[in-house]
1. PRE reach from ASN25 (point 7 Å along Cα→Cβ): which of the stretch 138-168 fall under 18 Å by backbone N?
2. Show log10 I(q)/I(0) for the stretch 20-116 at q = 0.19, 0.20, 0.21, 0.24 Å⁻¹, two decimals, from a solvent-free Debye sum over equal Cα scatterers.
3. Roll a 1.4 angstrom probe over the protein heavy atoms and tell me the percent of accessible area of the stretch 73-203 that is carbon or sulfur.
4. Stretched out fully, how many nm does the piece from ASP102 to MET72 gain, at 0.36 nm a residue minus the Cα gap?
5. Please report, as a whole percent, how much of the solvent-accessible surface of the stretch 25-67 comes from carbon and sulfur atoms (probe radius 1.4 Å).
6. For TRP82, what charge total do you get from the other residues with a beta carbon under 14 Å from its beta carbon, if Lys and Arg give +1 and Asp and Glu give -1?
7. Lys and Arg at +1, Asp and Glu at -1: add these up for the other residues within a Cβ distance under 12 Å of LYS200 and post the number.
8. Report relative contact order for the stretch 125-217 in percent, whole number only (criteria: Cα-Cα under 8 Å, sequence separation at least 6).
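The values are calculated or read from the model by the stated rules, or taken from the named source; none is laboratory data. Keep in mind it's a predicted model, so treat the numbers as computed, not measured. Counting neighbours? That spans all protein chains shown, and the Cβs are built from the backbone with ideal geometry, glycine included. What goes into the accessible areas is simple: the full protein's heavy atoms, side chains included, and nothing from ligands, DNA or RNA. Shrake-Rupley method; radii C 1.70, N 1.55, O 1.52, S 1.80 Å.
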Amino acid sequence: MLNDDLDNSQSIAPAGIAFSQACENNKQPILEVLQQELQGSIHVLEVGSGTGQHSVYFAPRLTHLTWQTSDMLANHATINAWHAAYPAPNLYAPLTFDVSCDSVPMKNAVDIPYDAVFTANTLHIMSWSLVAKLFQLVGDMLPLNGKFIVYGPFNENGSYSSASNRQFDHSLRQRDANSGIRHLEDVINLANTHHLMLSKRYEMPSNNQILVFEKLY
């Protein structure tokens, strides 16, 4: 199946390959934000590409830029399968990136420095120490005015934004005590220590948000 019909928003998973309903549900609202925020970007690194569903939807609709996927090696086969089913000329095969032991993967197919980083639903599945390392790596790597765009659920003013987020947080912590929904204020303070300032915030469906950080100095 090729990406020859961009009006067809329903993705069909390759046979036997993982499918994320959450990606299917949120891809269009996220795309609408990316179309605004990445107008001036050239080369985007996606951290934690997961199944690859977001990448095959975003890349052919953001033709002015190149989209570089990345994830732990264990997820590459799934990402590559989605890429094979929905190819795009500006979409690149995943690079290996494990925040716990790696620097940002700079070797890429087009050999162009990244001027934006996107990640979705990753901060709450990592320990806080790894969240801190991710922001440090991104802050060090991005050029002046580069953007770090983060999608996911966040707590605010010490409270959950919804009953569903409370339940989700509890399930995360039962699986891994170091994971959990992050507090918006903590994430913003962390970003600031790495020269990343919150420039825009979008309320998204299902009690999620997009935070847009820009490297200002």
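1. 151-155, 161-168
2. Reported log10 I(q)/I(0), two decimals: -0.90, -0.99, -1.10, -1.39.
3. On the way: 3330 of 6230 Å².
Carbon and sulfur: 53 percent of the exposed surface of the stretch 73-203.
4. Numbers: separation 30, 0.36 × 30 = 10.80 nm, distance 1.02 nm.
Result: 9.8 nm gained on full extension.
5. Numbers: 610 of 1270 Å².
Result for the stretch 25-67: 48 percent of the exposed heavy-atom area is carbon or sulfur.
6. Numbers: positive: LYS27; negative: GLU24, GLU46, ASP71.
Computed value for this residue: -2.
7. Details: positive: LYS147, ARG201; negative: GLU37, GLU203, GLU214.
Once positives and negatives cancel, what remains is -1.
8. On the way: 129 pairs, mean separation 36.4, N = 93.
Contact order relative to length: 39 percent.
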